[in-house]
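Enquirer: Sharing a structure here in structure tokens format.
The values are calculated or read from the model by the stated rules, or taken from the named source; none is laboratory data. Fair warning: this is a prediction, and the values are worked out from it, not measured in the lab. So basically every Cβ, Gly included, is an ideal-geometry build from the backbone, and we count neighbours across all protein chains shown.
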Amino acid sequence: MSHIADLIDEHCPGGVDHFRLGSICRYSDTRVGASELDGSSFVGVDNLLPNKAGKADASHAPNTARLTAYLLGDVLLGNIRPYLKKVWLASSAGGCSGDVLAIRIRDEYSRRITPAFLYYLLSSDAFFAYNMQHAKGAKMPRGDKRAILDYNIPVPPSEVQREIVSVLDSFTELEAELEAELEARRRQYEHYRDSLMGFADSGVQWKPMGEVGQFLRGRRFTKADYVDKGVPCIHYGDIYTKYGTTTSSVATHVRRDLATTLRYAEFGDVVMVDVGETVDDVGKAVAWLGDEPVAIHDHCFAFRHAMNPSFVSHYLQTSAYRSAKAKYVARTKVKTLLMNGLAKVLIPVPPDEEQERIVAILDSFDDLVNDLSSGLPAEVATRRKQYEYYRDKLLTFDDIADAVTE
């Protein structure tokens, strides 16, 4: 860090130039044929990974004959639900779907800013907060392409950029090693959960969910309705990002004058999402264990039943459930889970004491791989906070224009 400070003192003590992103970058305007792509070179929004984790190979072919081409060094940005923080620095050339933006440095600025430095700027929390602030649409927020190009970025001298990239690369590698170990534990946990809840040859009854309970759809509210204190609510997007198997508290509240227009989940209800980018996204659930009813968004179902809510929520994470509910997903551009179909999905109904026993076991495993207050998850969370702190510090520069006007 001290070396970077020395470089800044040497090369830009009075600040650095700041540019509108659109002044030094542009969206790719070149095209590539689908027949030229394969699973590794085609990038759809669903195989860009959340939380800046890069990309996975595509599991399906493009659905159009011509796609936007991307080149080595382009920054690819998922443009649906910016809060998922999907971004990748292209390590090769290929093609991407219309829901992925390929941001390319203009030729005349190729010596002023490096792709890796641009990537770190566009993977910062500051950029994603800006992108969400200007996103359009409530059902599936979409980044505003024009506003993205209006984002203001610092461009320090190349010597400073290279050193910052080197430091951030080191942080990223350390975090990736911990994440890989944690992911291995999660896979072990998922395998054990599937085995424990398979009930092979056990005599346990399996019943359609529609016989076990009933589904209640939430009612609409938007981010414009959010307040610091008000009616506790669960937005469908938060189920992807802010909740685990169960929760007794909420991340958001809406205005109290909406109270009579809303629909609520009660203690023990399992709240399920009915839309997503992928088939696997839809049906994600969290059991509500709070002391008071909680308003739910109209892209959520509350599954009301008499079973152990934690047991139900754990089962809704199994491979068997994900496979069964996939049959009842409308596969349009936005994947939608059909409530009438979901009612046909079978769920095991063991005796109450067996449900409690299984929940106790799975909750213990869940803590080992997801509890941010202890163990490896805590270490990952601590490293991530350190990384974010230093990244934000390293990517913040005084604007030389401000120094001149003073």
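Enquirer: If you take the residues of the range 197-230 that are assigned to a strand (DSSP E or B) and in contact with a Leu (Cβ under 9 Å, 6 or more places away or on another chain), which of them is nearest to Tyr264 (Cα to Cα)?
Expert: Quick first cut of the range 197-230, residues assigned to a strand (DSSP E or B) only: 205-208, 213-217, 226-227.
After this cut, where a residue has to be in contact with a Leu (Cβ under 9 Å, 6 or more places away or on another chain) as well, the list is 206-208, 215.
Numbers: Trp206: 28, Lys207: 25, Pro208: 23, Phe215: 12 Å.
If we take residues in the range 197-230 being assigned to a strand (DSSP E or B) and in contact with a Leu (Cβ under 9 Å, 6 or more places away or on another chain), then Phe215 is nearest to Tyr264 (Cα to Cα).
Enquirer: List the number of the failed condition for Ile8; all other conditions in (1) in the same structural domain as Arg142 (by TED's automatic domain parsing); (2) of a type outside the set (Lys, Arg); (3) touching a residue at least 60 places away in the same chain (Cβ under 8 Å) hold.
Expert: (1)
Enquirer: A further question follows. Step by step: first the residues of the range 362-406, then only those that are closer than 23 Å to Leu182 by Cα, among the hydroxyl-bearing types (Ser, Thr, Tyr) and outside any helix (DSSP H, G or I), then the one that is modelled with the lowest pLDDT. Which residue is that?
Expert: Ser373
The rows are residues; the columns are (1) of a type outside the set (Asp, Glu); (2) assigned by TED's automatic domain parsing to the domain that holds Tyr151; (3) closer than 20 Å to Glu277 by Cβ; (4) crowded, with 20+ Cβ neighbours inside 10 Å.
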| residue | (1), (2), (3), (4) |
| --- | --- |
| Glu36 | no, yes, no, no |
| Gly39 | yes, yes, yes, no |
| Asp57 | no, yes, yes, no |
| Thr68 | yes, yes, yes, yes |
| Ala90 | yes, yes, no, yes |
| Ser97 | yes, yes, yes, yes |
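Enquirer: For the range 225-242, indicate whether the set of residues that are touching a residue at least 60 places away in the same chain (Cβ under 8 Å) and surrounded by fewer than 13 Cβ atoms within 10 Å (Cβ to Cβ) is non-empty.
Expert: Here is the first cut: in the range 225-242, the ones touching a residue at least 60 places away in the same chain (Cβ under 8 Å) are 231-237, 239-241.
This time we only want the ones that are surrounded by fewer than 13 Cβ atoms within 10 Å (Cβ to Cβ), so: none.
No - not one qualifying residue is present in the range 225-242.
Enquirer: Would you confirm, using the coordinates I've provided, whether His191 is within 29 Å of Asn370 (Cα to Cα) and not assigned by TED's automatic domain parsing to the domain that holds Val345?
Expert: On the way: within 29 Å of Asn370 (Cα to Cα): yes; not assigned by TED's automatic domain parsing to the domain that holds Val345: yes.
For His191, the condition - within 29 Å of Asn370 (Cα to Cα) and not assigned by TED's automatic domain parsing to the domain that holds Val345 - is met.
Enquirer: Could you tell me which residue of the range 4-29 is nearest to Tyr390 (Cα to Cα), considering only residues that are buried (at least 16 other Cβ atoms within 10 Å of the Cβ) and of a type in the set (A, V, I, L, M)?
Expert: Step by step, filter the range 4-29, then rank; the result is Ile4.
Enquirer: Yes or no: the range 130-141 includes at least one residue that is without any contact (Cβ under 8 Å) to a residue 24 or more places away in the chain, in contact with an Asp or Glu (Cβ under 7 Å, 6 or more places away or on another chain) and within 25 Å of Thr222 (Cβ to Cβ). Give the derivation first.
Expert: Initial filter on the range 130-141 (without any contact (Cβ under 8 Å) to a residue 24 or more places away in the chain): 130, 133-134, 136-137.
Checking which are in contact with an Asp or Glu (Cβ under 7 Å, 6 or more places away or on another chain) leaves us with 134, 136.
Now restrict to residues that are within 25 Å of Thr222 (Cβ to Cβ): 134, 136.
Within the range 130-141, one or more residues are without any contact (Cβ under 8 Å) to a residue 24 or more places away in the chain, in contact with an Asp or Glu (Cβ under 7 Å, 6 or more places away or on another chain) and within 25 Å of Thr222 (Cβ to Cβ).
Enquirer: Any chance you could count how many residues in the range 183-205 are of a type in the set (A, V, I, L, M), without any contact (Cβ under 8 Å) to a residue 40 or more places away in the chain and surrounded by 11 or more Cβ atoms within 10 Å (Cβ to Cβ)?
Expert: Step one: filter the range 183-205 for residues of a type in the set (A, V, I, L, M), giving 184, 196-197, 200, 204.
In the following step, the residues that additionally are without any contact (Cβ under 8 Å) to a residue 40 or more places away in the chain were identified as 184, 200.
So of that shortlist, the ones also surrounded by 11 or more Cβ atoms within 10 Å (Cβ to Cβ) come out as 184.
Going through the range 183-205 one residue at a time, the tally reaches 1.
Enquirer: Based on what the data block shows, is Asp352 surrounded by 14 or more Cβ atoms within 10 Å (Cβ to Cβ) and within 21 Å of Thr245 (Cα to Cα)?
Expert: Details: surrounded by 14 or more Cβ atoms within 10 Å (Cβ to Cβ): no; within 21 Å of Thr245 (Cα to Cα): yes.
For Asp352, the condition - surrounded by 14 or more Cβ atoms within 10 Å (Cβ to Cβ) and within 21 Å of Thr245 (Cα to Cα) - is not met.
Enquirer: Another question, then. Can you find a residue that is assigned by TED's automatic domain parsing to the domain that holds Lys333, out of contact with any Lys or Arg (no Cβ under 8 Å at 6 or more places or on another chain) and part of a strand (DSSP E or B) anywhere in the range 236-243? Reasoning before the result, please.
Expert: From the range 236-243, those assigned by TED's automatic domain parsing to the domain that holds Lys333 are 236-243; that's our starting set.
Next, from what is left, pick out any that are out of contact with any Lys or Arg (no Cβ under 8 Å at 6 or more places or on another chain): 236, 238, 241-243.
Going one step further and asking which of them are part of a strand (DSSP E or B), we end up with none.
No, every residue in the range 236-243 fails to be assigned by TED's automatic domain parsing to the domain that holds Lys333, out of contact with any Lys or Arg (no Cβ under 8 Å at 6 or more places or on another chain) and part of a strand (DSSP E or B).
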